[in-house]
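Undergrad: Got a structure for you, written out below as structure tokens; questions coming shortly.
The values are calculated or read from the model by the stated rules, or taken from the named source; none is laboratory data. Owing to the predicted nature of the structure, the values given are computational and were not obtained by experimental measurement. Here the Cβ positions follow ideal geometry from the backbone for every residue, glycine too, while neighbour counts run over all protein chains shown.
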Amino acid sequence: MANPVLTPDQLDAQAAQLHDTQAWQSIVAGWELTAPEPGPPPAERTEPGHAQPSAPEQRPGRPPLDWRGLLSIPVDQLIDDALRTLPAAPPPERPLPGRLGAVLPDRVHGWRRVGQGDLRPSVHLGYARQILAEWGWQNTPYRLRNARGARCVCGALLTAHRLGYGSPATVNRAGAWLITELRAQGWPGLIGPWNRAPGRTAADALALVDAAARRAAAAGH
């Protein structure tokens, strides 16, 4: 059974609903949390008449204490957290259709979905950025694209899916990461009104998608 065709505004609303769920908020709040930095132990209280206990003497020939025992979190988790802060990897090389493909209806590209697996939201956002960069960005109200084939931000997400890059669920998660980034930047509304705001530029749109992709990749998405 074919998936229903979403409009940019429907995707915007679905992404906002996902963003506001408790499960999503736990993801957003949890990936940035780290254990407190280890500090010096509090000074032990010494009762009058009792000497302060001395540190155990390291006997010759005994192996030194393992520094890993001083960490508050496992080394593997430290490495994993460090890897999550690396920039999102670029999507695998798969060129977009040319300028003619940009102006054709998205349903014409349906064959590109055959045999394609799912993607992480950060990779899907990378393809959406590629669409905005190569086919252009537009901010016509309530339009997925204009006559030249340029897309709005939500339109780029939907087109990436229709070109075979990610499932409908991945599109929703990618949209939720965009809204998460917008909230971090102080924008309280949806993606569409941000895209249509006076003075908005293509550079702004590309920067938003880049920041959302980095945020998603840092969370393992």
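Undergrad: Please tell me if residue 178 is in contact with an Asp or Glu (Cβ under 7 Å, 6 or more places away or on another chain) and at pLDDT 95 or above.
TA: It is false that residue 178 is in contact with an Asp or Glu (Cβ under 7 Å, 6 or more places away or on another chain) and at pLDDT 95 or above.
Undergrad: A follow-up question, please. Picking from 150, 213, 205, 128, which residue would you name as being surrounded by 20 or more Cβ atoms within 10 Å (Cβ to Cβ), within 20 Å of residue 9 (Cα to Cα), of a type in the set (Gly, Ala, Ser) and in contact with a Gly (Cβ under 7 Å, 6 or more places away or on another chain)?
TA: Going through 150, 213, 205, 128 in turn, just one is surrounded by 20 or more Cβ atoms within 10 Å (Cβ to Cβ), within 20 Å of residue 9 (Cα to Cα), of a type in the set (Gly, Ala, Ser) and in contact with a Gly (Cβ under 7 Å, 6 or more places away or on another chain): 150.
Undergrad: Would you mind finding the one in 166, 155, 189 that is touching a Leu at 6+ places or on another chain (Cβ under 6 Å) and part of a loop (DSSP other than H, G, I, E, B)?
TA: 166
Undergrad: Among the candidates 107, 173, 129, 143, which residue alone is modelled with pLDDT of 90 or more, closer than 18 Å to residue 6 by Cα and among the basic types (Lys, Arg)?
TA: Sole residue among the options that is modelled with pLDDT of 90 or more, closer than 18 Å to residue 6 by Cα and among the basic types (Lys, Arg): 173.
Undergrad: A further question on this structure: Among the residues of segment 148-164, count how many are touching a His at 6+ places or on another chain (Cβ under 9 Å) and within 28 Å of residue 29 (Cβ to Cβ).
TA: Of the residues in that region, 3 qualify.
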